Every structure is written in structure tokens, then in C-alpha cells.
Amino acid sequence: SQQGEEDPQALSIQEGENATMNCSYKTSINNLQWYRQNSGRGLVHLILIRSNEREKHSGRLRVTLDTSKKSSSLLITASRAADTASYFCATDRGTGNQFYFGTGTSLTVIP
Amino acid sequence: EADIYQTPRYLVIGTGKKITLECSQTMGHDKMYWYQQDPGMELHLIHYSYGVNSTEKGDLSSESTVSRIRTEHFPLTLESARPSHTSQYLCASSEYFTGGRAFFGQGTRLTVV
């Protein structure tokens with residue numbers, strides 16, 4: 001990957017369960033963002049965490065960031081069938097702030 | 001909802017044809033990007049722009065070219081399409097400051113036969 005890896009590649013859970021996805025990256029970052037992609041569509045921004053933050057919440061989403069390990073996790077609580085999508089982490093680094101995406105996790109929530 | 005539009009959504013074209021994928025945004029964003037997304041989902045940055053008359057190549061080498069004559073418009077051109085160009089192309093824009101989030105278009109799925 002250009003920037004990092006996500007795991008697992010695919011995750012299948014029952015509705016109501018929690019889903020956790022992990023992202024690792026390779027270089028120093030300014031911030032890390034998570035995006036969601038429904039099948040065949042563009043990506044939609046979910047949440048941003050800055051490099052000096054360790055945890056952030058937004059509704060059913062919880063993001064953690066460990067810059068010493070160059071890793072982040074996204075937790076979706078009480079999952080719903082509508083959460084079925086692919087999830088990507090993205091980092092921006094350097095002075096140019098280009099966005100570099102991970103390999104993505106495909107989440108399936110079974111009703 | 002994001003005000004960034006890509007046309008066409010789907011394109012099937014023969015080898016050797018010249019094609020232009022259109023991308024327009026109405027948010028006044030300075031920064032725009034083109035990504036190529038392979039079937040395994042990974043997004044590869046192929047071009048980006050900081051503003052009018054600014055274009056840079058991304059990490060993934062691409063035979064495509066881009067132009068940025070107007071802030072709102074960032075078209076991508078393939079002079080001679082090949083089957084290896086078959087992919088999903090995603091355009092995005094963001095504000096210039098660090099931490100600005102990216103807004104994506106719906107994508108163009110290109111098939112070269």
C-alpha cells in the first residue's frame with residue numbers, strides 16, 4: 001500500500017454487535033481520517049482525529065490513535081445492516097497534505 | 001451532501017480512443033485529487049492540484065494527464081485508452097488547510113475493451 005494497511009480485510013458480524021477495524025500507517029502524519037464507501041460509490045468522511053489526540057467519539061463511532069505505534073482503530077458500536085460498507089483510513093502528511101488511503105476493510109452486517 | 005460531480009458514471013470504450021473524465025466542484029476548494037481504485041479496493045493517488053495552473057503526479061504512475069484551468073474543474077484525460085486502464089476513477093476536493101476533509105464524487109467506472 002502507498003501509506004498503510006488495514007485489518008481485517010473483511011469482517012462479517014451480526015446486527016447489534018460491535019465492529020472494530022484497525023489501520024496502520026508508515027510515516028509521521030498531521031491527522032488521520034476515516035471514510036466510508038458504499039458499493040460502487042464515492043467515499044464519505046466519517047471522523048477526523050488529529051495527531052495530538054488519542055481518542056475521539058462521534059455518535060456510534062469511536063476512533064483511537066496511537067502515534068507511537070503508527071496505528072488507529074475505528075469502533076462502530078451497535079452495528080446496523082445499513083453500516084454494511086467498506087471503511088478506509090486516510091492520512092495526510094507533509095506540507096502538501098495529500099490524502100493517502102489504506103487498503104480498506106469490507107464490513108458486512110447481517111440483519 | 002458533497003457538491004462534487006463526476007461524469008460520466010460509466011464508460012465503455014474501445015482501445016486506442018481518447019477519453020476525458022470530467023470532475024467539477026462548487027465548493028471553491030483549492031485542492032483537488034484523482035484516485036484510481038482497483039478491484040481489491042485500494043485507492044491510489046494519481047494526480048493532485050493545489051489550485052489553478054497547479055498539477056502534480058501522485059504516488060502511482062499513470063499515463064493519464066490532468067489540467068486545472070479553473071478552480072472548479074479538474075478533468076483527467078487518457079490520450080489512448082488501453083485495457084489496463086480499466087478501473088474506477090474517483091475525484092475529490094478539499095480545503096487547503098491541514099485537516100480539511102476530502103469530498104468525493106460518485107466515481108467513473110471505466111472499461112476499455
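The values are calculated or read from the model by the stated rules, or taken from the named source; none is laboratory data. Just so you know, these numbers come straight off a predicted model, no measurement behind them. Note that we place each Cβ from the backbone using ideal geometry, even for glycine, and neighbour counts take in every protein chain shown.
If I ask for residues that are part of a loop (DSSP other than H, G, I, E, B) and modelled with pLDDT under 95, which ones from region A:71-110 would you list? Passing the criteria: A:Gly94, A:Thr95, A:Gly96, A:Asn97, A:Gly102, A:Thr103, A:Gly104.
Going through region B:1-16 one residue at a time, which ones are farther than 20 Å from B:Lys31 by Cα and surrounded by 14 or more Cβ atoms within 10 Å (Cβ to Cβ)? Matches in region B:1-16: B:Leu11, B:Ile13. Condition check for B:Tyr33 on (1) surrounded by fewer than 20 Cβ atoms within 10 Å (Cβ to Cβ); (2) touching a residue at least 12 places away in the same chain (Cβ under 8 Å); (3) in contact with a Phe, Trp or Tyr (Cβ under 6 Å, 6 or more places away or on another chain): one failure, at (1).
For region B:1-29, the set of residues classified as more than 11 Å from every other protein chain (Cβ to nearest Cβ) and closer than 17 Å to B:Gly100 by Cα consists of B:Asp3, B:Gln25, B:Thr26, B:Met27, B:Gly28, B:His29, listed by residue number. Return yes or no: is A:Ser39 under 28 Å from B:Arg109 (Cα atoms), small (Gly, Ala, Ser) and in a strand (DSSP E or B)? Against the criterion (under 28 Å from B:Arg109 (Cα atoms), small (Gly, Ala, Ser) and in a strand (DSSP E or B)), A:Ser39 does not qualify. So which residues in region B:94-113 are more than 8 Å from chain A (Cβ to nearest Cβ) and modelled with pLDDT of 95 or more, if there are any at all? Residues satisfying the conditions are B:Thr108, B:Leu110, B:Thr111, B:Val112, B:Val113.
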